[in-house]
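Read through the structure below, which is laid out as structure tokens, and then see the notes.
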Amino acid sequence: MTSITTYAPGRAELLGNHTDYNEGYVLAIAVDRGTTLTGQARTDRRIRIHSRELGKTEIVALDQLAAERVSPWSRYTLGVVDQFRRNDLHVEGFEIEVTSNLPLGAGLSSSASLENATVLFLSQAFGIKLEPLQMARLAQKAEHDFVGVRCGLLDQISSLMSRDQHATFIDCRSFDVQHVPLDGRVSVIIANSGVKHALVAGEYNERRSDCEVAARALGVPFLRDATTEMLKSRKNDLADRIYRRALHIVGENERVLAGSEALRHGDVTRFGELMYASHESSQANFENSCAELDQLVETARKTPGVYGARLSGGGFGGATINLVEKGREKEVVKALTSTLPNVSCLVTEAADGALACAKKH
Ligand code: GLA
């Protein structure tokens with residue numbers, strides 16, 4: 001059997017927090033690290049996954065896939081296999097080795113990178129042609145059904161479709177994807193707080209439900225359809241928590257639109273201000289920050305060379321993203337790592353997504 005290798009990077013959310021499942025807007029990049037799968041098809045309808053980093057192996061029969069029967073780390077892969085089968089995309093057994101140079105649980109979506117690498121592996125191994133959006137949806141649905149997180153499509157799309165030197169703008173209603181040039185003078189630093197984020201534990205799904213309650217109360221299909229003005233005029237009709245959740249989403253959508261305009265004009269200073277405003281809204285309105293992330297953003301504010309910083313991804317731990325003047329990465333990393341004992345930093349350029357990487361190799 002021919003050996004196949006696929007790769008998908010992690011992603012970082014530049015601006016637009018929890019907007020994706022509200023059919024809003026988001027700006028993200030792919031990072032220059034990710035998950036690699038190497039393996040081949042098997043003829044005995046069995047699946048064997050070995051994770052080099054975890055030192056663990058999972059063996060399961062193709063016809064007996066169920067989330068509760070398999071260990072949590074293998075659900076990202078097996079959830080994708082399950083989605084292929086549910087969508088009548090014919091797969092057989094296979095064996096793969098998973099290797100990754102992405103820190104797990106650091107807000108870089110190691111999960112989407114593993115899911116996407118699996119989608120690519122299965123489509124190559126079994127000769128299935130898929131459109132990029134279809135790939136992203138299979139990966140997302142795997143996470144809904146096998147992992148239990150009702151995530152949007154930000155992670156899967158940006159890990160697949162990003163381009164180097166560009167931010168990926170996603171309209172999460174039309175799924176129009178645009179590549180906005182990132183000013184060549186900036187670097188991105190991801191500061192992992194060391195606090196494990198608890199997406200799987202339910203906070204994420206609770207936020208999503210709050211947003212749905214807010215949209216219903218406002219009489220709009222999704223919060224994408226609300227404006228700050230409309231929201232403010234209806235403040236008294238909404239419970240305080242629901243109002244603040246909606247304020248965050250509506251504000252984030254406005255910030256993403258303003259942010260992509262700023263990037264198109266090369267105005268990174270303005271973009272940085274929007275990042276700080278996003279973080280403040282996470283703190284006050286969406287309540288998905290934590291003391292450690294707040295401290296990292298405070299440090300960023302005081303450190304020369306940083307344009308902006310905010311929490312990136314689901315929140316409740318994980319990482320901050322810092323937009324930094326090129327050439328000043330070292331001093332910024334030093335300031336961020338001295339903020340708290342368990343902080344680790346990763347300096348990245350805006351990198352190619354999985355599809356662009358596959359084309360180049
Ligand atoms: C996680 C989810 C995404 C998105 C972000 C928050 O990364 O997987 O779909 O909702 O959180 O913006």
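We did not get these values from a lab; they are worked out from the coordinates using the rules stated. Keep in mind that what you see is a predicted model, and the values were worked out from it rather than measured. All Cβ positions, glycine included, derive from the backbone under ideal geometry; neighbour counts span all protein chains shown.
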**Asked** Just wondering, is there one or more residues in the stretch 107-129 that are among the basic types (Lys, Arg), more than 15 Å from the ligand (Cβ to nearest atom) and in a helix (DSSP H, G or I)?
**Response** no
**Request:** Would you point out which residue out of Phe286, Phe271 is away from the ligand (no atom under 16 Å from the Cβ) and among the aromatic types (Phe, Trp, Tyr)?
**Result:** Phe271
**Request:** Take the stretch 9-64 and flag every residue that is of a type outside the set (A, V, I, L, M), part of a loop (DSSP other than H, G, I, E, B) and away from the ligand (no atom under 14 Å from the Cβ).
**Result:** Thr43, Asp44, Arg45, Arg52, Glu53, Gly55
**Prompt:** Out of all the residues in the stretch 165-189, which are among the acidic types (Asp, Glu) and touching a Leu at 6+ places or on another chain (Cβ under 8 Å)?
**Reply:** Asp183
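Going through Leu108, Leu160 one at a time, which residue ends up being among the hydrophobic types (A, V, I, L, M, F, W, C), under 16 Å from Thr6 (Cβ atoms), crowded, with 24+ Cβ neighbours inside 10 Å and in contact with a Gly (Cβ under 6 Å, 6 or more places away or on another chain)?
Sole residue among the options that is among the hydrophobic types (A, V, I, L, M, F, W, C), under 16 Å from Thr6 (Cβ atoms), crowded, with 24+ Cβ neighbours inside 10 Å and in contact with a Gly (Cβ under 6 Å, 6 or more places away or on another chain): Leu160.
Residues are listed down the side, and each one gets a yes or a no for (1) crowded, with 24+ Cβ neighbours inside 10 Å; (2) within 30 Å of Gly93 (Cβ to Cβ); (3) touching a Ser or Thr at 6+ places or on another chain (Cβ under 9 Å):
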residue	(1), (2), (3)
Thr2	no, yes, no
Tyr7	no, yes, yes
Leu14	yes, no, yes
Asn17	yes, no, yes
Asp32	no, no, yes
Ala41	no, yes, yes
Asp44	no, yes, no
**Request:** Could you give me the residue pairs with C-beta distances under 7 Å whose first residue belongs to the stretch 257-278 and is closer than 21 Å to Glu298 by Cα, whose second residue is β-branched (Val, Ile, Thr) and not in a helix (DSSP H, G or I) wherever it lies, and which are 6+ apart or on separate chains?
**Result:** Val268/Val186
**Prompt:** Is it the case that the stretch 133-150 has a residue that's away from the ligand (no atom under 13 Å from the Cβ), among the aliphatic types (A, V, I, L, M), farther than 18 Å from Gly16 by Cβ and not in a helix (DSSP H, G or I)?
**Reply:** no
**Request:** Looking at (1) aromatic (Phe, Trp, Tyr); (2) surrounded by fewer than 21 Cβ atoms within 10 Å (Cβ to Cβ); (3) within 16 Å of the ligand (Cβ to nearest atom), find the lone condition where Trp73 falls short.
**Result:** (3)
